[in-house]
């Protein structure tokens, strides 16, 4: 059986996270802060390997993504973290795969709201 993954499972990192990362200014970060940022990015990127279906991706967004955000604001400038995490989700809202899947769309809106309230 040839199993094809839903495109959102690989587009989250490539089309959302990486594009959002390019828009942040990390020039003022210390070496320790840069290491923390790299670690957080790696955790999100490697999480992609665990997503077998859309439900796994949704669970990641609801649980791990918010937890990673809370952890990141302890180690990095809050504004930088806020921008990275919200821009990542906002870029995903632009994807057809997200627009056409009400579960993913509503999850992203909910996670965005949670982050903005923290």
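Every number in this text was worked out from the coordinates using simple rules, so none of it is lab data. Everything quoted here is computed from the prediction, not taken from an experiment. Please note: Cβ atoms are built from the backbone with ideal geometry, for glycine as well, and neighbour counts cover all protein chains shown.
Residues in the range 64-114 that are under 18 Å from residue 11 (Cα atoms) and more than 11 Å from the chain's Cα centre (by Cα): 16 in all.
All of (1) over 23 Å from residue 34 (Cα atoms); (2) over 13 Å from the mean Cα position of the chain (by Cα) hold for residue 59 with one exception: (2).
Counting only residues that are buried (at least 18 other Cβ atoms within 10 Å of the Cβ), touching a strand residue (DSSP E or B) at 6+ places or on another chain (Cβ under 6 Å) and free of Cβ contacts under 8 Å to residues at least 12 places away in the same chain, give me the helices (runs of 4 or more DSSP H) lying completely in the range 1-91 with at least 2 of them. Write out each step before concluding.
Values: elements: 8-11, 18-22, 31-47, 54-59, 66-75.
Fully inside the range 1-91 and qualifying: nothing.
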